[in-house]
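A quick write-up on the structure given underneath.
Any read-out appearing in this document is the output of simple, stated calculations on the displayed coordinates, not a laboratory observation. Here the structure is a predicted model, which is why all the values come from computation and not from measurement. Glycine gets a Cβ as well: all are built from the backbone with ideal geometry, and neighbour counts include every protein chain shown.
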């Protein structure tokens, strides 16, 4: 199964959500960007593909913070 990744990134002092080359934002905080990414994944996610939200932790390492496979059908 292919996965649609939503990645929370910081650029030029603002937070963005990137999904397959399309950027959404700017968003004022990393937490708000992650919430926006979840909303985007739920609204625009492909039912045939798993969606994952990746966000940097406190050390800057990207980690999965949400996955559509964790959600009830």
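Tabulated results
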quantity: Matching residues in the range 22-34 - criterion: being under 20 Å from residue 68 (Cβ atoms) and either over 11 Å from the mean Cα position of the chain (by Cα) or part of a strand (DSSP E or B) (or both); calculated: 22, 24
quantity: Number of positions in the range 4-21 that are closer than 21 Å to residue 69 by Cα and surrounded by 14 or more Cβ atoms within 10 Å (Cβ to Cβ); calculated: 8
quantity: Filter result (more than 28 Å from residue 12 (Cβ to Cβ) and assigned to a strand (DSSP E or B)) within the range 35-73; calculated: 50, 67
quantity: Number of the exception - residue 55 against (1) under 14 Å from residue 68 (Cβ atoms); (2) in contact (Cβ under 8 Å) with a residue 24 or more places away in the chain; calculated: (1)
quantity: Residues of the range 34-52 satisfying the condition of being without any contact (Cβ under 8 Å) to a residue 40 or more places away in the chain and closer than 14 Å to residue 5 by Cβ; calculated: 34, 37, 38, 40, 41, 44
